[in-house]
């Protein structure tokens with residue numbers, strides 16, 4: 001358990017699935033409503049716990065539950081590799097807490113938690129302009145490829161963020 005900039009970060013456990021699944025559903029449904037004509041949607045299993053079970057519990061990903069004022073509000077998972085080229089699986093925040101800087105705090109936590117990273121890799125749906133703004137303008141990712149560009153629902157922005165370490169006062173800063 002760690003507190004960072006007013007948020008509580010705890011390792012994700014099997015017991016968190018029932019609590020976090022409705023939060024994940026609200027977050028993904030809000031995103032798809034904002035950017036498409038659909039009312040709901042997300043990756044397979046986002047609405048019944050299967051996604052969390054697969055990618056947060058039964059994988060090599062490291063996953064955290066995020067809480068504010070003792071209320072769970074989201075989660076994230078990352079894949080950390082020996083070569084320090086790491087993968088951000090996803091970050092999601094409950095729709096009631098979106099657009100309040102929480103995702104940016106989570107991203108800063110990830111940066112402090114995994115300081116040896118030399119490059120972050122991530123993907124996000126091509127339709128999700130709000131995600132593009134978050135990853136590109138707030139987190140500093142660059143789009144390196146568009147996967148399935150002709151498919152509205154299946155297109156992906158594949159992104160990377162190179163971490164440049166600059167020595168300053170005997171400390172490395174991003």
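Please work out how much length the chain gains when fully extended from residue 54 to residue 99, using 0.36 nm per residue of separation minus the C-alpha to C-alpha distance, in nm with one decimal. Before the final figure, lay out each step's value.
Working: separation 45, 0.36 × 45 = 16.20 nm, distance 2.77 nm.
Additional length available on full extension: 13.4 nm.
Answer rounded, prolate or oblate for the range 51-171, using the Cα gyration tensor with square roots of eigenvalues a ≥ b ≥ c: rounded when a/c is under 1.5, else prolate when a/b is larger than b/c, else oblate. Please report the intermediate quantities before stating the final value.
Numbers: a/c = 1.37, a/b = 1.09, b/c = 1.26.
Rounded is the answer for the range 51-171, as its axis ratio a/c remains below 1.5.
Residues of the range 107-134 with backbone nitrogen within less than 17 Å of a virtual label 7 Å along the Cα-to-Cβ line of residue 164, please, listed as ranges. From the range 107-134, the list is 117-120.
Quick one: check the C-alpha center-to-center distance for the range 1-33 versus the range 53-73, whole angstrom. Each part's Cα centre sits 6 Å from the other's.
Which shape class applies to the range 61-131: rounded if a/c is under 1.5, otherwise prolate when a/b exceeds b/c and oblate if not, where a ≥ b ≥ c are the square roots of the Cα gyration tensor eigenvalues? Oblate shape, in that a/c is at least 1.5 and b/c is the bigger or equal ratio.
Could you calculate the FRET efficiency of residue 38 with residue 69 from 1/(1 + (r/R0)^6), where r is the beta carbon distance between them and R0 is 25 Å, rounded to 0.05? Please list the in-between numbers first.
Working: r = 32 Å, r/R0 = 1.26.
Result of the calculation: an efficiency of 0.20.
With a/c under 1.5 counting as rounded, go ahead and sort the range 1-124 into rounded, prolate or oblate using the C-alpha gyration tensor (a ≥ b ≥ c being the square roots of the eigenvalues; past the cut-off, prolate if a/b is larger than b/c, else oblate). Since a/c stays below 1.5, the shape of the range 1-124 is classed as rounded.
Run the helix sum for the chain: -39,500 (n - 2.57) per DSSP H stretch of 4+ residues, divided by residue count, reported at 222 nm to the nearest 500 deg cm²/dmol. If you can, show how the numbers build up before the last one.
Details: 3 runs with 35 residues, N = 174.
Mean residue ellipticity, 222 nm, calculated: -6000 deg cm²/dmol.
Length available on full extension from residue 19 to residue 129: 0.36 nm per residue minus the Cα-Cα distance, which gives 36.9 nm.
Read the figures in this text as sums done on the coordinates, not as results from a lab. As the structure is a prediction and not an experimental result, all values here were calculated from the model. Counting neighbours? That spans all protein chains shown, and the Cβs are built from the backbone with ideal geometry, glycine included.
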